[in-house]
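Read through the structure below, which is laid out as structure tokens, and then see the notes.
The values are calculated or read from the model by the stated rules, or taken from the named source; none is laboratory data. Remember, predicted model here, so these are calculated numbers, not experimental data. Ideal geometry is used to build each Cβ from the backbone, glycine not excepted, and the neighbour counts take in all protein chains shown. Heads up: the accessible areas ignore ligands, DNA and RNA and are worked out on the full protein's heavy atoms, side chains in. Shrake-Rupley method; radii C 1.70, N 1.55, O 1.52, S 1.80 Å.
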Amino acid sequence: MGSLLKDAVPDLKPMSKQWHETFDQIFKGFSPDKWTLEPTDAPMPQGWRSFKDSAKVKFLCKSCGNSWTSMRGVVIFWFNKISDKPEGKEEKDQDDSKDSETGASRCENGKVYSLRFRLYGQKCKKCDNEEFKSPEWYGEEVEKVLNNVHKKIGEAFYDFPQPDIDNNRRHGRPRWSHDSSRCQACQEGQCSSNRSR
């Protein structure tokens, strides 16, 4: 699994285990192809396919202790084929490239793909700290968006039928209306109902 980028925005280290464990469970069905999951702080170059999704998320301002939820948490995924050459054939002498039961190379006949993603933050409305706060994602929302992008990838690379995207969100009653002036996705033109492009 790809390591988290040190300077990814927002800081994703606290959530890395949750995202990667869910990703591993959902994407193992694409074996023998190898997929990696990595965050990015900028859009990927032309040629990468993309998919945008949204979910209920929560925020905590460490400066003043204010916390809030948002029904407009935004994630953008980019996905692309990295190599037609199976990594397993180049790494047969490495233990992590072999199946634990058979000893065979996990990617002996597969291709190598990358899934990048970016999560968008929000600013606190109760203090003067202008930094975008990192969203905290609920487990079921992580599973939902990864299942959705898995379906889109299946359609793009594996001849899956056109998928039904899960638009449900965890129940919530936000105390305030959405503040676009404090939303990173809004500031970058990404906070909309248009999910994929």
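Taking only the range 135-170 into account, find how many residues are touching a residue at least 24 places away in the same chain (Cβ under 8 Å) and open to solvent by 40 Å² or more (accessible area, probe 1.4 Å).
Count: 11.
Six or more apart or on different chains, Cβ under 7 Å: which pairs go from a residue in the range 32-55 that's of a type in the set (Phe, Trp, Tyr) to one that's part of a strand (DSSP E or B)? Could you list them?
Within 7 Å, the pairs are Trp35/Tyr113; Trp35/Leu115; Trp48/Trp78; Trp48/Phe79; Trp48/Asn80; Phe51/Phe77; Phe51/Ser196.
Of (1) assigned to a loop (DSSP other than H, G, I, E, B); (2) modelled with pLDDT of 50 or more, Ala55 satisfies all except one. Which?
So Ala55 meets the others, but not (1).
Being surrounded by 20 or more Cβ atoms within 10 Å (Cβ to Cβ) and out of contact with any His (no Cβ under 8 Å at 6 or more places or on another chain) is the filter here, so list the residues in the range 57-77 that pass it.
Passing the criteria: Val57, Phe59, Gly73, Val74, Val75, Ile76, Phe77.
Could you check Cys124 against (1) loosely packed, with under 13 Cβ neighbours inside 10 Å; (2) in contact with a helix residue (DSSP H, G or I) (Cβ under 9 Å, 6 or more places away or on another chain); (3) farther than 30 Å from Lys34 by Cβ and say which number it fails?
(1)
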